[in-house]
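Asks: Right, I'll just put the structure down here and ask away after.
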């Protein structure tokens with residue numbers, strides 16, 4: 001069903017979006033795509049020097065995943081604003097212990113419509129979002145605003 | 001500790017072409033896919049994008065943060081503003097989409113320091129942070145302000 005201002009209301013939920021488990025390969029791919037080569041995100045020897053056990057995902061990759069969740073529900077062109085606050089680090093899957101580490105690396109994005117209003121002559125909604133991993137640990141929260149036909 | 005005399009400081013403007021192949025690469029990266037064949041067609045097929053109501057191939061929602069890394073990069077900002085890298089965290093990011101950015105557009109980036117302040121109380125470690133807010137304007141080849149980005153960095 002196409003999203004319009006007539007068929008969406010305050011309290012409606014955005015369809016839940018579950019990512020693939022994030023791997024180190026995904027982090028390297030995002031580093032190359034974005035240009036963010038902070039060694040924190042790919043160099044295991046570097047992170048040990050600063051006292052971490054594992055490389056961690058780019059916060060902006062988690063925001064990118066949240067963006068994927070949004071555009072899988074509402075067309076990209078409707079977006080007017082997208083805000084995220086980063087709350088926690090995300091460690092990728094360890095392939096030598098995949099069963100125990102997949103949950104921490106899988107991102108679930110949920111959202112709820114909290115406001116419906118008119119602005120700049122457009123019918124807009126504001127939807128709050130949260131991204132957590134499958135263990136329930138929060139990665140980011142924020143909101144987006146879309147203008148609907 | 002950030003140098004508060006830098007409030008209002010503008011970074012030198014930077015102009016770049018939005019590359020089509022970079023858009024597909026980025027779209028695959030945030031979708032956690034291995035190839036562009038697995039992503040939404042609008043991010044690499046111009047005809048599909050036009051059918052979906054776009055004038056060209058649009059950039060993914062968070063794509064434009066990349067231009068930060070193609071220019072000064074994090075270390076450029078750290079040096080310019082006097083940040084303590086070991087304490088630095090990216091706290092918030094906000095995009096305001098005033099228009100669309102398409103493959104082939106020539107985008108000029110204007111970034112400035114809009115605020116620096118302290119949050120919390122110094123005698124309560126863990127709750128105290130020094131906050132720096134950067135605002136970036138992205139302007140296309142027709143002089144239209146198409147996206148505004150507000151980035152909040154904290155040192156704690």
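Since every read-out is calculated from the coordinates, none of them should be taken as a lab result. Everything quoted here is computed from the prediction, not taken from an experiment. Virtual Cβ from ideal backbone geometry, glycine too; neighbours counted across all protein chains shown.
Asks: Test of understanding: in a Gaussian network model of chain B with alpha carbons linked when under 10 Å, which of B:75, B:116, B:64 would top the mean-square fluctuation ranking?
Replies: Between B:75, B:116, B:64, it is B:75 that shows the largest mean-square fluctuation.
Asks: By how many degrees, 0 to 90 and rounded to 10, does the Cα axis of helix A:24-34 deviate from the longest principal axis of chain A?
Replies: The angle comes out near 60 degrees.
Asks: So what are the three principal axis dimensions of region A:1-77 from its Cα atoms, in whole Å, longest to shortest?
Replies: 55, 23, 17
Asks: Now for a separate question. With each pseudo-label sitting 7 Å past Cα toward Cβ, what's the residue A:48-residue A:135 distance in nm, one decimal?
Replies: Those two pseudo-labels are separated by 2.1 nm.
Asks: Just grab the label-to-label distance for residue B:41 and residue A:119, each label 7 Å out from Cα along the Cβ direction, in nm (one decimal).
Replies: Inter-label distance under the simple model: 3.3 nm.
Asks: Restricting to Cα atoms and excluding each atom paired with itself, what does the Kirkwood estimate give for chain B in Å?
Replies: 17.1
Asks: Then there's this: Evaluate the relative contact order of chain A (contact order divided by residue number), counting alpha-carbon pairs under 8 angstrom at least 6 apart; express in whole percent.
Replies: Working: 270 pairs, mean separation 44.4, N = 149.
The value is 30 percent.
Asks: Then there's this: Once you have all Cα-Cα distances for the protein assembly as shown, histogram them in 10 Å bins from zero and send the whole-percent values.
Replies: Bin by bin from 0 Å, the calculated values are 6, 26, 36, 25, 7, 0.
Asks: At q = 0.11, 0.16, 0.21, 0.27 Å⁻¹, what base-10 log of I(q)/I(0) does the Debye formula yield for region A:70-149 when every alpha carbon is treated as an equal point scatterer in vacuo?
Replies: Relative scattering, expressed as log10 I(q)/I(0), comes to -0.38, -0.67, -0.91, -1.21.
Asks: How much length would be gained if the chain were fully extended between residue A:128 and residue A:6, taking 0.36 nm per residue of separation minus their Cα-Cα distance, in nm to one decimal?
Replies: Difference between extended and current length: 42.0 nm.
Asks: If I fit a long axis through the Cα atoms of helix B:20-30 and take the longest principal axis of the Cα atoms of chain B, what angle between them do I get, 0 to 90°, rounded to 10?
Replies: Roughly 60 degrees, rounded to the nearest 10.
Asks: Another question about this same structure. May I have the extent of the alpha carbons of chain A along their three principal axes, as whole Å values ordered from largest to smallest?
Replies: Principal-axis extents of chain A (Cα, largest first): 54, 30, 23 Å.
Asks: For chain A, find the longest principal axis of its Cα atoms and tell me its angle to the long axis of helix A:59-71, 0 to 90°, nearest 10.
Replies: 40
Asks: For every helix of n ≥ 4 consecutive DSSP H residues, a contribution of -39,500 (n - 2.57) applies; sum these over the protein assembly as shown, divide by its total residues, and give [θ] at 222 nm rounded to the nearest 500 deg cm²/dmol.
Replies: -6000 deg cm²/dmol
Asks: Which FRET efficiency value, to the nearest 0.05, is calculated for residue B:15 and residue A:20 with the Förster distance at 30 angstrom and r the Cβ-Cβ distance? Working shown, then result.
Replies: On the way: r = 36 Å, r/R0 = 1.20.
According to the calculation, E is roughly 0.25.
Asks: Say R0 is 25 Å: what FRET efficiency, to the nearest 0.05, do residue A:112 and residue B:150 get from their beta-carbon distance?
Replies: E between residue A:112 and residue B:150, to the nearest 0.05, is 0.60.
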